[in-house]
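The values are calculated or read from the model by the stated rules, or taken from the named source; none is laboratory data. A quick note: this is a predicted structure, and the numbers were derived from the prediction, not measured. Note that we place each Cβ from the backbone using ideal geometry, even for glycine, and neighbour counts take in every protein chain shown.
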Amino acid sequence: MQYLYDKQHYIDRYDLHTVEECLDAVKMFQNIYQKSLTSDELKDLPEEEKLRNVNLMLSRHLFVIKGIRYEKKQETIQKWMSEDKVQQDKQDFTPTPEGIYCPLCNSSMYFSITKHLDSTYDNPILRLMFLFKCSKCEKQQWVYDDGEIRVSKPDLCPKCRKELDVTGSRKGKVITTLYKCKYCSYSKKDILDLAKSDKEHKKWEEEQKKKRDEGKKLLEKYRTEFCLSDKEGKEHVETLEAMEVANVIHDEEMQKYDDPVYERVSKLKKTTIVDLEKLLIEPLEKANMSNSPLKNQKWDSTLSFLFLFKIAIPREEIESVFRN
Ligand SMILES: [Zn+2]
Ligand SMILES: [Zn+2]
């Protein structure tokens, strides 16, 4: 089985998550806009003003998602690849155990071809299992790489908790298993139709292929828009960091001044963005945005307003605010 793939495979996987996260944000803000059209509290705000504000918030939101996703990209891909490499190496380079004897007839057992990683979640140690066959009788046996025989748990009677007798028979593609208790009257019949499970597996494979194709299409369409290049990514990360610093400095500076520009600006933010955010985003976040990337940022109104200036409001508009 293949565990480790080439690097592009992981880049695609990561970028697809980024695209999906950004598209979710777009959808969320489309909903916010729809809600704003019928909101009582916002009935005095013109429609194009609502649209403009929602767009501002969306671009701010996307800016943060894109920056955070870029920041974590290389590290995450490295982590995925090294985890998969551990599994691949374990499978490829683990020597086959030797000197295994049949627990029924004590003849030597041989390893044929089937082996796989033991991926039970309650066992943190990664182990490889080999299927051994007895050279004399029919016995098959799973053996771990350290030579330990894998003991399968006996089926217990649900009524008296004693061990059940299990017998199996096969007719064509139908396997029947009969469970019978020697101590009480309990019995159960299991019928496994391989034709049916083949069909289910095929359906599952088709669904997987469909998912992969859809993922490919999304990447083709949106990768350049949402997944940042190194140059753009560094700029985003720097801006996000600068905002943290600017937030502190801004607070300090603003306390020193008591000028009309500041008053004008603070009035602006009070009447548009912050109102809209309070009215629409908070309830929305409560409802379904518990893992919003904004949750961990310091998004007080000062930061919001600085942010808007930096990325979303056209220069002329900022100047006009300051001129008035
Ligand atoms: Zn044997
Ligand atoms: Zn029983």
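I'd like to verify a number: residues in the stretch 167-185 that are of a type outside the set (A, V, I, L, M, F, W, C) and within 8 Å of ligand 2 (Cβ to nearest atom), how many? Count: 3.
Lys136 satisfies every condition listed in (1) more than 30 Å from Ser187 (Cβ to Cβ); (2) within 16 Å of ligand 1 (Cβ to nearest atom); (3) in contact with a Phe, Trp or Tyr (Cβ under 7 Å, 6 or more places away or on another chain); (4) not acidic (Asp, Glu) except (3).
Scanning the stretch 139-149 for residues that are more than 16 Å from ligand 1 (Cβ to nearest atom) and surrounded by 12 or more Cβ atoms within 10 Å (Cβ to Cβ) gives Tyr144, Asp145, Glu148. Restricting attention to the stretch 143-166, does a residue exist that is within 16 Å of ligand 2 (Cβ to nearest atom), assigned to a strand (DSSP E or B) and without any contact (Cβ under 8 Å) to a residue 12 or more places away in the chain? Yes, the stretch 143-166 contains a residue that is within 16 Å of ligand 2 (Cβ to nearest atom), assigned to a strand (DSSP E or B) and without any contact (Cβ under 8 Å) to a residue 12 or more places away in the chain. So for the stretch 125-137 (the condition being under 28 Å from the mean Cα position of the chain (by Cα) and in a loop (DSSP other than H, G, I, E, B)), does at least one residue qualify? Checking the stretch 125-137: at least one residue is under 28 Å from the mean Cα position of the chain (by Cα) and in a loop (DSSP other than H, G, I, E, B).
For the stretch 169-216, filtering for residues that are surrounded by 11 or more Cβ atoms within 10 Å (Cβ to Cβ), free of Cβ contacts under 8 Å to residues at least 12 places away in the same chain and not in a helix (DSSP H, G or I) leaves 3.
Being within 21 Å of the chain's Cα centre (by Cα) and β-branched (Val, Ile, Thr) narrows it down to one of Thr94, Thr76, so name that one. Just a single option satisfies the conditions, and that option is Thr76. Within the stretch 64-82, residues that are assigned by TED's automatic domain parsing to the domain that holds Thr18 sit with their Cβ atoms under 8 Å from residues that are surrounded by fewer than 13 Cβ atoms within 10 Å (Cβ to Cβ) and of a type in the set (D, E, K, R), at 6+ positions apart or across chains, in these pairs: Ile77/Lys7; Met81/Lys7.
Within the stretch 90-108, the set of residues being outside any loop (DSSP other than H, G, I, E, B), more than 16 Å from ligand 1 (Cβ to nearest atom) and surrounded by 13 or more Cβ atoms within 10 Å (Cβ to Cβ) comprises Lys90, Gln91.
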